[in-house]
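The values are calculated or read from the model by the stated rules, or taken from the named source; none is laboratory data. What you see is a predicted model; the values in this text were computed from it and never measured. For neighbour counting, all protein chains shown are included, and Cβ atoms are generated from backbone atoms with ideal geometry for every residue, glycine included. For accessibility, only protein heavy atoms count, side chains too; no ligands or nucleic acids. Shrake-Rupley method; radii C 1.70, N 1.55, O 1.52, S 1.80 Å.
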Amino acid sequence: MNPERVIRDMPAHGAFRIIARAAHTISRKNIAPGALRVLYRLHEAGYQAFLVGGAVRDLLLGGHPKDFDVATDATPEQVRALFRNCRLIGRRFRLAHVVFGREIVEVATFRGGSDDGSGDRHLVDGRLVRDNVYGSIEEDAVRRDFTVNALYYDIADFSVRDAVGGMDDLQHRVLRLIGDPQQRYREDPVRMLRAARLAAKLDFTIAPETAAPFATLGPLLAEAPPARLFDESLKLFLGGHGLASLRSLERHDLLIHVFPATARALRQHPDTPFRALLEQSLASTDARVHEDKSVTPAFLFAAMLWGPMRLTEQSLIDGGSDPSAAWRHAVDRVLREQAQRVAVPRRFAVMVEEIWSLQPRFAQNAKKSVFRLLEHPHFRAAYDFLMLRVAESPGLAELAAWWTQAQQLDRVMLTESLAALPVLPVAPTLPGEPPPQLKRLRRRRRKRGAGKTAAPPKGAGE
Ligand code: ATP
Ligand code: MG
């Protein structure tokens, strides 16, 4: 698409469509108190002050935004002068954060459309690496990503301003990139992931011209900073719409650029049981997020990379590798390759390895191993992962059920149950391999000393 045509199609400067208070649904009672205070304070000081971005979009859709962004014509320094509880952050985008306890309101100065040399804008190979050129609200609107993200709620008269057709797109539930898609993705390839994520989160369709460049420009994501892709991964998969995000990324052929090994594992084996594990994992993570429970990036990465890790391990074994060396090498290789795309902080990578390496230990039935495993700091995450693996390998169901029950028992009961409950199989030869079919021991009266050692091997091997 010709960029000039798009710019000309948009209303000229100042030609905002203004939707009066009576004609939209945004009510001040749904705006966080801190954000309202910032808007009023800026307004009273004579500056323009608007709520903008995702908050306006979500309020218009009837949602409850978690964060509120404010746009103003005051410079970051002028903002700082107005608020005691304010700090300036960011290099790529200089911003003011105004802090009210747990609420942080992000205040950004309108970005300009052109750099006359006085501002601070920096492009490398068409990529926007710094953008601190200030401008008017009209200029600010057209440099935002999607039309529905460029609506401004004006605290002066409670109207909504729309310079890019965002209201129409919102009504039709369409995500449309502002301006020339090719150019906008070249400036910032992460916008492709934002498109997939927001379409998933909002249940919007991506406009055809907005999705068209994915096939050719998707590979630009390989050049996005891995730290930024880590942040974006958390938004994609730990934001409460992880399963929908996965489907959206797969549908638009973008997963391959962020989680290449995962995409390949899912694509090469269309009905791989790994898909069941991953989808189950994302669905339960979504449920936890909606219940306000904690989620950890380690668990996400353990699930995303489990399939690739097992495939790598298998191919190493097929190539003659010793099974335990194959496991170790597969873990190293998969984590190292993923780190080239997404910078997983060390502490999470270590926990991914632990969640995985604890898996074979669930199949060890010696009393000492059982107690040690229960006391392991990452027992809970590893156990949750074992539950997930049941989706992949239904043969693990009985083992998982045993561990579910084991956690309810005190030490004495647990010791007894080691003999009385289904006997755990011997450790599988392959770490993480589904255990052989479990057999149930006939209930016996406990003899003195029973349970001090491993549950009798009878039943396990018979
Ligand atoms: P979310 O619901 O995930 O918070 P959001 O739209 O609020 O969605 P943010 O990352 O909070 O996303 O960004 C706030 C606003 O900043 C966006 O609505 C958009 O107007 C603008 N924006 C964010 N990232 C970009 C980008 N990469 N390019 C252009 N504009 C962007
Ligand atoms: Mg936001």
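May I ask you to verify whether residue 15 is away from ligand 1 (no atom under 16 Å from the Cβ), part of a loop (DSSP other than H, G, I, E, B) and modelled with pLDDT under 95?
Values: away from ligand 1 (no atom under 16 Å from the Cβ): yes; part of a loop (DSSP other than H, G, I, E, B): yes; modelled with pLDDT under 95: yes.
Criteria met by residue 15.
Give the residues of the stretch 32-48 that are of a type in the set (Gly, Ala, Ser) and either more than 16 Å from ligand 1 (Cβ to nearest atom) or surrounded by fewer than 24 Cβ atoms within 10 Å (Cβ to Cβ) (or both), sorted by residue number. If you could, list the steps in order and put the result at the bottom.
If we filter the stretch 32-48 for residues that are of a type in the set (Gly, Ala, Ser), which is where we start, we get 32, 34-35, 45-46.
Scanning the stretch 32-48 gives 32, 34, 45, 46.
Given 228, 267, 247, which one is assigned to a helix (DSSP H, G or I), open to solvent by 60 Å² or more (accessible area, probe 1.4 Å) and assigned by TED's automatic domain parsing to the domain that holds residue 349? Steps first, answer last, please.
Working: 228 fails: assigned by TED's automatic domain parsing to the domain that holds residue 349; 247 fails: assigned by TED's automatic domain parsing to the domain that holds residue 349.
That would be 267, the only listed residue that is assigned to a helix (DSSP H, G or I), open to solvent by 60 Å² or more (accessible area, probe 1.4 Å) and assigned by TED's automatic domain parsing to the domain that holds residue 349.
Could you please let me know if residue 173 is under 18 Å from residue 63 (Cα atoms) and open to solvent by 50 Å² or more (accessible area, probe 1.4 Å)? Steps first, answer last, please.
Working: under 18 Å from residue 63 (Cα atoms): yes; open to solvent by 50 Å² or more (accessible area, probe 1.4 Å): yes.
Yes, satisfied.
From the list 210, 216, 205, 272, which one is modelled with pLDDT under 95 and hydroxyl-bearing (Ser, Thr, Tyr)?
On the way: 210 fails: modelled with pLDDT under 95; 216 fails: modelled with pLDDT under 95; 205 fails: modelled with pLDDT under 95.
Residue meeting the stated conditions: 272.
When you check residue 140 against the structure, is it surrounded by fewer than 22 Cβ atoms within 10 Å (Cβ to Cβ) and closer than 23 Å to residue 107 by Cβ, yes or no?
Details: surrounded by fewer than 22 Cβ atoms within 10 Å (Cβ to Cβ): no; closer than 23 Å to residue 107 by Cβ: yes.
When the stated conditions are applied, residue 140 does not pass them.
Working carefully through the options 79, 52, find the one that is under 21 Å from residue 133 (Cα atoms), within 16 Å of ligand 1 (Cβ to nearest atom) and touching a helix residue (DSSP H, G or I) at 6+ places or on another chain (Cβ under 9 Å).
On the way: 79 fails: within 16 Å of ligand 1 (Cβ to nearest atom).
Step by step, each of 79, 52 is checked, and only 52 is under 21 Å from residue 133 (Cα atoms), within 16 Å of ligand 1 (Cβ to nearest atom) and touching a helix residue (DSSP H, G or I) at 6+ places or on another chain (Cβ under 9 Å).
I need a count of the residues in the stretch 19-39 that are within 16 Å of ligand 2 (Cβ to nearest atom) and in contact with an Asp or Glu (Cβ under 7 Å, 6 or more places away or on another chain).
Looking only at that region, the number is 2.
Do we find a residue being free of Cβ contacts under 8 Å to residues at least 60 places away in the same chain, among the charged types (D, E, K, R) and within 13 Å of residue 301 (Cα to Cα) anywhere in the stretch 369-386?
no
Residues that are in contact with a Pro (Cβ under 9 Å, 6 or more places away or on another chain) and modelled with pLDDT of 95 or more, at least 2 per element: which strands (runs of 3 or more DSSP E) completely within the stretch 102-170 meet that? Give the derivation first.
Working: elements: 103-109, 121-124, 127-131, 151-154, 160-162.
The qualifying strands (runs of 3 or more DSSP E) are 103-109.
In the stretch 40-70, what residues are in contact (Cβ under 8 Å) with a residue 60 or more places away in the chain, away from ligand 2 (no atom under 16 Å from the Cβ) and not in a loop (DSSP other than H, G, I, E, B)?
Answer for the stretch 40-70, where residues must be in contact (Cβ under 8 Å) with a residue 60 or more places away in the chain, away from ligand 2 (no atom under 16 Å from the Cβ) and not in a loop (DSSP other than H, G, I, E, B): 40, 42, 43, 49.
Just give me the residues in the stretch 177-202 being part of a loop (DSSP other than H, G, I, E, B) and away from ligand 1 (no atom under 13 Å from the Cβ), in sequence order. Spell out how you get there, then give the answer.
Filtering the stretch 177-202 down to residues part of a loop (DSSP other than H, G, I, E, B) leaves 178-180, 188-189.
Listed by number, the list holds a single entry, 180.
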